[in-house]
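J.: Would you mind keeping the following structure in view while I ask a few things?
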Amino acid sequence: MKKLSGFLIICALVATGLSIPANAATKAGSPCKSKGQISNYQNKKFTCIKTGKKLVWDKGVVNPKPVVQVTPEASATPTPSPTLEIVPTFPTSFKDLEENSEGIAFSAWSGVQENIRKFPEPKTKVSMFFGPNTPKRYPVEVTEKMVLLGSRAMGNIPQPSEVKFYSFTKGDVPWAKDIASTYVTPFNLGESFPVQAEKLCAGEDCDGAVTNYASGIGLVLVGVSTPVTRYGDLARFNGQ
């Protein structure tokens, strides 16, 4: 009886020594307790499988790294730096006229821009007429666009309902004088329209233009050079 008890105690101790604690190292091929048992060890997931008559841990698979959801911080919208507008000083007298001369141009430009924003495009009719031997200097559409823009720039004063352009070369001066003589202005010009038309072509070639209010319309007499490109783009600033 004592021998049997001693044998059972030895068996219990041996069995206890062979049991695998839950926190023991899990390795591929080492024994496991039950089929389908799962153990996570060193970032691997091991599953207990049956190989022949034995239950052993498989090779294991690496656990996927957890995906960390990062909420992006709202990017701060940079605050634009305020634009500092330097306004030239307008002269107050002849004493500071030269010093603040830029203020005159800036004031005139600002007034024009304000009028263009304020006043809509007028319904002014623009008509173009050319002497018998006079070619067109610019497309009619360009002239019309410039006239309407100019009317908006000066929209704070009454504008004519129609503007007529009479363009002529040196050979067409008689034609221009006849046309000009039919118009009457309420202003004292000092020189009649026919004389002004003749003077536009008194030099080597026709160059420049004169404009006035006459007979209820805007009258423009335009001297055109021959060829029309004689003066290049400068002709734009000489009235043509």
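The values are calculated or read from the model by the stated rules, or taken from the named source; none is laboratory data. The structure displayed is predicted, hence computed values, not measured ones. So basically every Cβ, Gly included, is an ideal-geometry build from the backbone, and we count neighbours across all protein chains shown. These accessible areas exclude ligands, DNA and RNA; they are computed on the full protein's heavy atoms, side chains included. Shrake-Rupley method; radii C 1.70, N 1.55, O 1.52, S 1.80 Å.
J.: In whole percent, how big is the carbon plus sulfur part of the accessible area of the stretch 84-240, probe 1.4 Å, protein atoms only? Numbers along the way, then the final one.
T.: Values: 5740 of 9860 Å².
Answer for the stretch 84-240 is 58 percent, counting heavy atoms of protein chains only.
J.: Here is a follow-up. If I model the stretch 89-175 as equal point scatterers sitting on the Cα atoms and use the Debye formula, what is log10 I(q)/I(0) at q = 0.11, 0.22, 0.26 Å⁻¹?
T.: Those come out to -0.51, -0.98, -1.16, one per q.
J.: Sticking with this one: Ranked from highest to lowest mean number of other Cβ atoms within 10 Å per residue, what is the order of the peptides 139-148, 192-201? If you can, show how the numbers build up before the last one.
T.: Working: 139-148: 13.9, 192-201: 19.5.
Result, highest mean Cβ count within 10 Å first: 192-201, 139-148.
J.: While we're here: Kindly state, to the nearest 0.05, the FRET efficiency for residue 83 paired with residue 110, given R0 = 22 Å and r defined as their beta-carbon distance. Walk me through the intermediate numbers first.
T.: On the way: r = 16 Å, r/R0 = 0.73.
Efficiency for this residue pair is about 0.85.
J.: On to the next question. Enumerate the amide H contacts of residue 224 below 5 Å, restricted to partners 5 or more residues apart or on another chain; note that Pro and chain-start residues carry no placed amide H.
T.: So residue 224 has HN proximity to 168, 169.
J.: Continuing with this model, one more query. Using Cα positions and a limit of under 21 Å, work out the lysines in reach of residue 145, with same-chain residues fewer than 8 apart set aside.
T.: The reachable lysines, counting only those whose Cα sits under 21 Å from residue 145, are 118, 123, 125, 136, 164.
J.: Give a residue-ordered list of calculated ³J(HN,Hα) values for the stretch 156-168 (Karplus: 6.51 cos²θ - 1.76 cosθ + 1.60, θ = phi - 60°; whole Hz; x for Gly, Pro).
T.: 7, 10, x, 10, x, 6, 8, 10, 10, 9, 10, 9, 8
J.: If you average the C-alpha positions of the stretch 150-196 and of the stretch 83-134 separately, how far apart do those two centres end up, in angstrom?
T.: Here the two parts' Cα centres lie 22 Å apart.
J.: Whole-Hz Karplus ³J(HN,Hα) for the stretch 29-34, in order, using 6.51 cos²θ - 1.76 cosθ + 1.60 and θ = phi - 60°, x for Gly and Pro?
T.: Coupling constants for the stretch 29-34: x, 7, x, 9, 8, 9 Hz.
J.: Suppose accessible area is computed on protein heavy atoms with a 1.4 Å probe; arrange 161, 93 from highest to lowest.
T.: On the way: 161 80, 93 55 Å².
Result, largest first: 161, 93.
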